[in-house]
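The values are calculated or read from the model by the stated rules, or taken from the named source; none is laboratory data. Owing to the predicted nature of the structure, the values given are computational and were not obtained by experimental measurement. Backbone-built Cβ (ideal geometry, glycine too); neighbour counts: all protein chains shown. Accessible surface is based on the protein model in full, side chains and every heavy atom, while ligands, DNA and RNA are left aside. Shrake-Rupley method; radii C 1.70, N 1.55, O 1.52, S 1.80 Å.
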Protein chains: 2
Amino acid sequence: MNELEQNINTYFGIIRQDELKSVTSYFKENQVEKGEYFLKSGQKCQKLSFIKSGLFRIYAISGDKEVTQWISTPGYFVTDLASLYFNTPARWTIQAMTEAEIYTINKEDYVHLGKLIPKWHELEKIFIAKCFTILEDRIFSHLSMTAEERYQFFFENNRELFNQVPLQYIASMLGMTPETFSRVRKKASVNFKG
Amino acid sequence: MNELEQNINTYFGIIRQDELKSVTSYFKENQVEKGEYFLKSGQKCQKLSFIKSGLFRIYAISGDKEVTQWISTPGYFVTDLASLYFNTPARWTIQAMTEAEIYTINKEDYVHLGKLIPKWHELEKIFIAKCFTILEDRIFSHLSMTAEERYQFFFENNRELFNQVPLQYIASMLGMTPETFSRVRKKASVNFKG
DNA sequence: ATTTTTTCTTGACATATATCAAGAGCTTCA
DNA sequence: TGAAGCTCTTGATATATGTCAAGAAAAAAT
């Protein structure tokens with residue numbers, strides 16, 4: 001099973017091999033330059049991509065500040081789900097932080113799959129439900145954890161990311177300033193050694 | 001169109017009248033006592049209900065504190081989506097804050113509808129996607145707004161709730177203490193008059 | 001109607017986190 | 001290789017929010 005097929009399997013669940021082939025055939029592999037915009041806030045999102053290589057940052061402008069919502073890494077996907085599903089202007093801007101290779105399906109084909117593969121809506125359902133539970137975890141973390149605890153938790157589960165991207169963006173997605181992030185980090189590393 | 005049919009329409013989208021009838025026929029109306037638990041954290045959630053009347057609080061215990069995630073009012077629904085869809089132990093406890101009347105479908109029937117009504121998975125997909133966008137808004141509010149701004153925003157859109165439930169729970173779902181809530185509230189009302 | 005319980009407010013104070021400013025260490029790239 | 005720009009850290013300080021404690025107000029129970 002190739003990379004893309006595995007992505008589909010991970011997020012959408014299991015389908016017959018021939019259907020899987022059919023699904024993946026709608027994805028086109030493409031290259032993305034560093035700094036290139038996958039989506040700009042306000043546009044209607046017309047595609048969904050899985051990341052083969054490279055890093056994408058999903059963020060929005062709020063007042064005079066950027067709010068990073070997520071950093072997407074190989075194996076993950078990028079899209080603005082709300083915009084894709086409800087045809088609303090995207091909240092998020094999505095930009096490549098590095099050169100990247102992605103597998104992209106456009107919205108038209110994505111919707112078409114629903115007519116082509118009986119089980120497709122069910123798979124989408126699973127996909128979105130997974131996205132939902134991820135957000136639910138995050139809400140809970142904001143309601144119940146301090147900045148330090150959110151840092152710890154994220155660090156435990158995403159160590160690799162810390163030497164791949166500017167830390168200020170991780171700070172933002174955890175809901176703290178770069179300065180606080182830096183201090184929390186120092187404190188955590190001291191605790192870790194001690 | 002009755003209340004329940006309208007609920008289905010609002011959350012799941014439009015379907016044929018006969019299919020709608022078929023869907024709603026699986027929901028049973030039932031009474032709930034004040035204080036009764038709809039779901040307890042750790043259980044596997046086996047149902048989904050729409051609220052005809054009454055109020056439910058969705059919360060979790062974190063350390064020695066309760067974290068209120070949401071207060072569900074007539075027209076809304078109650079369930080633990082993650083638990084319902086992935087059969088995992090529920091994170092949330094759901095308790096009736098008042099006497100209540102609800103329309104309930106059990107999981108078995110809910111799943112069965114997928115076999116019965118071709119479009120059902122697609123409707124569920126819409127339902128979950130809506131839930132997703134609500135959470136996305138909330139994440140954004142925690143990443144970009146102060147306690148005061150979150151208060152303001154919630155107040156604008158949910159004034160009625162403020163004289164129906166203990167404010168401490170609203171405080172918690174907005175991620176602040178009752179004391180902070182009280183101060184923010186005072187400040188907001190002064191600004192409002194001035 | 002009175003008591004009891006719960007909820008809300010307020011003040012004093014503690015702590016967490018943000019802001020501002022400066023400098024150090026990296027990268028990038030000309 | 002050196003200049004220019006990022007990025008990260010650190011200190012000083014400000015602000016937002018939490019904690020604790022007490023009392024007032026409101027709601028529920030008797």
Could you list, in sequence order, all residues of segment A:1-30 that are surrounded by fewer than 15 Cβ atoms within 10 Å (Cβ to Cβ), polar (S, T, N, Q) and farther than 18 Å from A:Y76 by Cβ? A:Q17, A:S25
So how many residues does segment B:159-174 have that are in contact (Cβ under 8 Å) with a residue 12 or more places away in the chain, touching a helix residue (DSSP H, G or I) at 6+ places or on another chain (Cβ under 9 Å) and surrounded by fewer than 18 Cβ atoms within 10 Å (Cβ to Cβ)? 3
All but one of (1) touching a Lys or Arg at 6+ places or on another chain (Cβ under 6 Å); (2) within 15 Å of DNA strand D (Cβ to nearest atom) hold for B:K125; which doesn't? (2)
If a residue must be closer than 21 Å to A:F127 by Cα and loosely packed, with under 14 Cβ neighbours inside 10 Å, how many such residues does segment A:31-44 contain? 0
Being in a strand (DSSP E or B) and open to solvent by less than 10 Å² (accessible area, probe 1.4 Å) is the filter; apply it to segment A:45-54 and report the residue that is nearest to the other protein chains (Cβ to nearest Cβ). A:L48
Just checking, how many residues over segment A:120-142 are under 13 Å from the mean Cα position of the chain (by Cα), more than 7 Å from chain B (Cβ to nearest Cβ) and among the aromatic types (F, W, Y)? 1
Can you tell me which residue in segment B:145-158 is nearest to the other protein chains (Cβ to nearest Cβ), limited to those that are in contact (Cβ under 8 Å) with a residue 24 or more places away in the chain and within 12 Å of DNA strand C (Cβ to nearest atom)? B:A147
Which one of these is farther than 27 Å from B:L143 by Cα and in contact with a Phe, Trp or Tyr (Cβ under 7 Å, 6 or more places away or on another chain): A:E66, A:E29? A:E29
A:L161, sole failed condition from (1) outside any helix (DSSP H, G or I); (2) under 16 Å from the mean Cα position of the chain (by Cα); (3) more than 8 Å from DNA strand D (Cβ to nearest atom): (1)
Given the conditions (1) outside any strand (DSSP E or B); (2) surrounded by 14 or more Cβ atoms within 10 Å (Cβ to Cβ), and given that B:R57 satisfies all but one, which numbered condition is not satisfied? (1)
Is one or more of the residues making up segment A:8-25 over 24 Å from A:R138 (Cβ atoms), in a loop (DSSP other than H, G, I, E, B) and touching a residue at least 12 places away in the same chain (Cβ under 8 Å)? yes
Every residue from segment B:101-119 that is away from every other protein chain (no Cβ under 11 Å) and of a type in the set (A, V, I, L, M): B:I102, B:I105, B:L113, B:L116, B:I117
Give the residues of segment B:164-182 that are part of a helix (DSSP H, G or I) and over 19 Å from B:S72 (Cβ atoms), sorted by residue number. B:P178, B:E179, B:T180, B:F181, B:S182
Set A:I139, A:I117: member being closer than 30 Å to B:H121 by Cα, aliphatic (A, V, I, L, M) and out of contact with any strand residue (DSSP E or B) (no Cβ under 9 Å at 6 or more places or on another chain): A:I117
Does B:K125 qualify as being within 16 Å of DNA strand C (Cβ to nearest atom) and of a type in the set (K, R)? no
Could you count how many residues in segment A:164-184 are over 18 Å from the mean Cα position of the chain (by Cα) and either polar (S, T, N, Q) or more than 11 Å from DNA strand C (Cβ to nearest atom) (or both)? 3
Kindly check whether there is at least one residue in segment A:180-191 that is open to solvent by 20 Å² or more (accessible area, probe 1.4 Å), touching a residue at least 24 places away in the same chain (Cβ under 8 Å) and under 27 Å from B:D80 (Cα atoms). no
